[in-house]
Amino acid sequence: MTPSLPARTRVWVSESPEDTRAAGSQFAKTLRPGDVVALHGPLGAGKTVFTQGMALALNIQEPVTSPTFTLIAEYEGSMPLYHMDLYRLAAPEEFVWLGVEEMLNGKGITVVEWSERAGKELPKRTIQVHIELRGNTGRTIRIERPL
Ligand SMILES: Nc1ncnc2c1ncn2[C@@H]1O[C@H](COP(=O)(O)OP(=O)(O)OP(=O)(O)O)[C@@H](O)[C@H]1O
Ligand SMILES: [Mg+2]
């Protein structure tokens with residue numbers, strides 16, 4: 001196991017999808033152009049729900065769903081939001097082939113579900129969000145910002 005980098009940690013407790021959406025919105029308000037966010041958590045943890053909250057804060061009108069087959073969805077808001085779902089990525093190299101360089105270093109926010117599939121291809125500055133299940137509708141959302 002690799003030790004995690006020093007980080008500033010913030011924890012939210014969610015009791016419902018609405019709470020998770022609200023956490024995503026609050027969190028998104030702290031972001032700057034070029035920020036990259038990796039979402040961790042099992043199937044159905046609420047990664048997409050959290051992203052929907054982020055989209056709300058970015059004034060995105062379009063409904064946000066998981067881009068499972070397309071891998072990347074781009075939304076226009078107060079800043080662009082690049083929503084990636086790498087569940088179907090076969091190998092980390094494929095992530096680079098997707099041509100994500102401009103997104104990761106652009107003027108938008110990139111949020112990545114199943115970022116583990118990208119191996120070490122995400123920037124070191126990536127903000128890590130871990131969603132853990134607590135019963136049926138409880139979630140612990142831990143946000144770690146590398147220092
Ligand atoms: N506290 C909660 N926060 C978020 N979602 C919750 C919560 N309680 C129940 N849910 C339900 O869990 C599901 C979360 O689905 P979501 O698509 O966001 O998961 P996901 O982590 O993106 O999964 P996947 O890995 O399949 O993309 C939704 O059906 C939602 O209604
Ligand atoms: Mg999802």
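The values are calculated or read from the model by the stated rules, or taken from the named source; none is laboratory data. All figures in this text were calculated on a predicted structure; none of them were measured in a lab. Neighbour counts are summed over all protein chains in view; Cβ atoms, including those assigned to glycine, are modelled from backbone coordinates with ideal geometry. These accessible areas exclude ligands, DNA and RNA; they are computed on the full protein's heavy atoms, side chains included. Shrake-Rupley method; radii C 1.70, N 1.55, O 1.52, S 1.80 Å.
Structure above, values below:
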{"read-out": "Accessible area of the chain belonging to carbon and sulfur atoms, whole % at 1.4 Å probe", "value": "54"}
{"read-out": "FRET efficiency estimate (nearest 0.05) - Cβ-Cβ, Arg88 to Glu132, R0 22 angstrom", "value": "0.40"}
{"read-out": "Under 16 Å from the Cα of Lys29 - lysines, other chains or at least 8 residues apart", "value": "Lys107"}
{"read-out": "The chain, helix-only ellipticity at 222 nm - DSSP H runs n ≥ 4, -39,500 (n - 2.57), divided by all residues, nearest 500", "value": "-6000 deg cm²/dmol"}
{"read-out": "Dimensionless Rg ratio for the stretch 56-132, taking C-alpha atoms and the 2.2 N^0.38 Å reference", "value": "1.07"}
{"read-out": "Two-site FRET efficiency, Glu101 against Gln26, from Cβ-Cβ distance with R₀ of 30 Å, rounded to 0.05", "value": "0.55"}
{"read-out": "Translational diffusion of the stretch 105-147, µm² s⁻¹ [Kirkwood Rh, Cα pairs; Stokes-Einstein; 20 °C; 1.002 mPa s]", "value": "174"}
{"read-out": "About the Cα centre, charge dipole magnitude for the chain (Lys/Arg +1, Asp/Glu -1 at Cβ), debye", "value": "580"}
{"read-out": "Long-range tail of P(r) for the chain (Cα pairs > 22 Å, %)", "value": "34"}
{"read-out": "Stokes-Einstein diffusion coefficient of the stretch 20-97, Kirkwood radius over Cα pairs, 37 °C, 0.692 mPa s, in µm²/s", "value": "252"}
{"read-out": "Within the chain, longest stretch free of exposed GluC sites (Glu not before Pro) [DSSP loop, at most 13 other beta carbons within 10 Å]", "value": "77-147"}
{"read-out": "Whole-number percent relative contact order across the chain, with pairs defined as alpha carbons under 8 Å at least 6 apart", "value": "35"}
